[in-house]
Amino acid sequence: MHIGCGQVFCKSGCVCPVGSVLDDFGRCILETECPCHHNGKSYKTDDVIRRDCNTCTCVRNTWECTKKRCRATCTAFGDPHYKTFDGRLYSFQGGCNYVMSTDKCPGSKLTLQSFRIDAENIPCGSAGVTCTKSVTVTLHDTIIHMVRGKAVPSVTKVSSLSPVHARYELVYAGLYVIIKAPFGLNVIWDRGTRLYIELSPDSQHWSKVCGLCGNFDGDMTNDYMAKNGITETSPYPFGDTWRARGDCTKTMEPIHPCKQNKHRESKSHAACAIIKSGTFKPCHISVDPDPYYERCRCVYDTCGCDSVGDCECTCEAIAAYAYECLAAGVVVKWRQDKCGK
């Protein structure tokens, strides 16, 4: 976010008066008037912008930002790839039911679980990848089950789960089903392969959750905390400990789909090229496109599709990047006819 007033190369001719500098537009200004830059735009001294829940003020060519803890989002998308509350990106191809996040954790003194989100992953495609079939949200005494392809979730009351009666709001917004709980939890599902779990940063959740979404303590290096409390070094042994059923086999890391289907690789790169194109250029400075394009995301998922370049998994992978752009305040109109509305 901090860029100087521009490089000045020595040449004969006019120079700026002492105490002033040349700005990006070739004008002489006071050093204290040097602009700040963000997202390709220039801002004057004392201009204010928002970054997540924080505000940043331009002061002498430098952004000075507040340091509040912000609401965090855990993401599951594609075949499946995950981004933890603390920002760690990884892939885990398990075919079972998994605990995405809960507040009933190893070493916790909590007697009653207030929430738990499970995701069911099943094989999809012939390349050995998996994707999300259903999502189950448990809030105290209430179980909300959302199944891919079904417009309306099922809701079941189970009094034996908890003596506390669940309070929540169920919202339908375009593609999404949204569950809002009053204690700072939102669960957002696109009824396909994208799942977003949002938590408020208050003391109820900060460093007190666990599962595939990590522990939400601001440190991504310890996000592979297994169910037994031990921090693993890779996603596969970590992910297997969060199986919600005992009848699933150990997960083996699959061969990259592009290596299994070499004939699909070039078409996969072409299908995903929009992420690095001018369409998404306004977002590139805010959200790095590389993890969503190459490193086991869009290209990976598209190679795993059985109909390359014109399939749901390609569009879901692109949509995952578009959602991150939107969260960063950048709106990108990218959807084509093949990806629907």
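The values are calculated or read from the model by the stated rules, or taken from the named source; none is laboratory data. Source: prediction; values computed, not measured. All Cβ positions, even for glycine, are placed from backbone atoms using ideal geometry, and neighbour counts span all protein chains on display.
From the residues in segment 26-66 that are at pLDDT 90 or above and either within 28 Å of residue 224 (Cα to Cα) or touching a Pro at 6+ places or on another chain (Cβ under 9 Å) (or both), which one is surrounded by the fewest Cβ atoms within 10 Å (Cβ to Cβ)?
Ranking the qualifying residues of segment 26-66, first place goes to 47.
Which ones in segment 140-190 are at positive phi and surrounded by 17 or more Cβ atoms within 10 Å (Cβ to Cβ)? Spell out the reasoning first.
Initially, segment 140-190 is screened for residues at positive phi, giving 140, 149, 174, 184.
Residue satisfying the conditions is 140 alone.
Cβ contacts < 6 Å: first residue at positive phi, restricted to segment 195-215; second residue modelled with pLDDT of 95 or more and assigned to a strand (DSSP E or B), any location; separation 6+ or different chain. Result?
Short answer, once both residue conditions are applied: 211/99; 211/100; 211/101; 211/102.
Of all residues in segment 306-317 being modelled with pLDDT of 65 or more and farther than 20 Å from residue 74 by Cβ, which is surrounded by the fewest Cβ atoms within 10 Å (Cβ to Cβ)? Give the steps one after another, and end with the answer.
At the first step, the residues of segment 306-317 found to be modelled with pLDDT of 65 or more are 312-317.
Checking the rest, the ones that are also farther than 20 Å from residue 74 by Cβ come to 312-315.
Numbers: 312: 18, 313: 27, 314: 27, 315: 23.
Only one residue fits best here, namely 312.
Conditions (1) at pLDDT 95 or above; (2) assigned to a loop (DSSP other than H, G, I, E, B), marked per residue:
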site: 105; (1), (2): no, yes
site: 108; (1), (2): no, yes
site: 118; (1), (2): yes, no
site: 121; (1), (2): no, no
site: 126; (1), (2): no, yes
site: 133; (1), (2): no, no
site: 138; (1), (2): yes, no
